[in-house]
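Q: For reference, the structure I am asking about is given below.
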Amino acid sequence: MTMPSVLNKAGRFAVDLLYPPRCAVCGSHGSFLCRDCADGLAATKPPRCPVCWQPRHTSDLCEKCRTDPPAFVGLRSAYLFRDGVRELVHRLKYQHQTSLASPLASLLYEYVGNNPLPAAVLVPVPLFPRRRRIRGYNQSALLSHGLARRLGLPVDDSTLVRARNTASQAETANAEARKANMSGAFRCKGSALQGKTVLLIDDVATTGATLNACAIALCEAGAASVWALTFARED
């Protein structure tokens, strides 16, 4: 083990002694997300549209995916964006609790184990550079790296970039406005993803506009196919 690794482990041990891990949902000591709370998170369940993953009465394609299909082959989300799931995402995304990335990536790994998705490389949805500097990290990249380590797959977090600083999707009124907000927002630098089966990673899917805009850029850059996976989905 290298000296930096030893120092990093020692530092984490010291932090854990001073501030023992507590579950972000129930507050119990011992871990950042306890098993009971993890098991109690609201999972997405079929029937759903097999492309956009919207809830349906049947497992057929929804009308929108029949008439205006997205650039990605399919989207899957492990959990519903409510209650404890919302709390976890907000703590990771807005409250700098990056320690949650590991347990959330573990839950995504469990999900993919039960619902396999084709992938040769994981690609996180990028932040605009200024927003990335302000936040200090990209939560989607943290999830991507955590999941990739467990899957034994590479991560490419440099080819897909955000070309312009869009308004927050959470503050955008409706599906059409979100789609317009994301139009042309992403591009790919170079051809590293040409011919690759890409698994696009984000924290939350709402209308799928951001994921679709990313998938368009990836397909234009020559990706063989794009699937999308998020930790949560708004219904």
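Q: Take the Cα atoms of region 51-121, build their convex hull, and give its volume per residue in Å³. Intermediate values should be presented prior to the final figure.
A: Values: hull volume 9.9 nm³, N = 71.
With only Cα atoms used, region 51-121 gives 140 Å³ per residue.
Q: On a 0 to 90 degree scale, rounded to 10, what angle separates helix 83-94 from the longest Cα axis of the chain?
A: That helix lies at roughly 80 degrees to the long axis.
Q: Oh, and also: Working from Cα positions, state the angle (0 to 90°, nearest 10) between the long axis of helix 3-18 and the longest principal axis of the chain.
A: It works out to around 80 degrees.
Q: If you compute Cα extents along the principal axes in Å for the structure shown, which of [x] 48, 48, 32; [y] 56, 42, 33; [z] 75, 38, 26 do you land on?
A: Matching entry in [x] 48, 48, 32; [y] 56, 42, 33; [z] 75, 38, 26: [y].
Q: Can I ask one more? If one takes the longest principal axis of the Cα atoms in the chain, at what angle in degrees, from 0 to 90 and to the nearest 10, does the Cα axis of helix 209-220 lie?
A: Taking the Cα atoms of the chain, the angle to 209-220 is about 70 degrees.
Q: I would also like to ask the following. Excluding same-chain residues fewer than 8 positions from Lys189, which aspartates and glutamates have a Cα within less than 17 Å of its Cα?
A: Those aspartates and glutamates meeting the cut-off are Asp156, Asp157, Glu220.
Q: Modelling each spin label as a point 7 Å along the Cα-to-Cβ direction, I'd like the Ala180/Asp39 distance in nm, to one decimal.
A: Each label point lies 7 Å from its Cα, and together they span 4.9 nm.
Q: For a paramagnetic label modelled at 7 Å from the Cα of Val161 toward its Cβ, which residues of region 89-127 fall within the zone defined by backbone nitrogen distances under 14 Å?
A: 126-127
Rule-based calculations on the coordinates, nothing more; no lab input. These numbers were taken from a predicted model, which means no experiment stands behind them. A quick note on method: Cβ atoms are made from the backbone with ideal geometry, for glycine too, and the neighbour counts reach across all protein chains shown.
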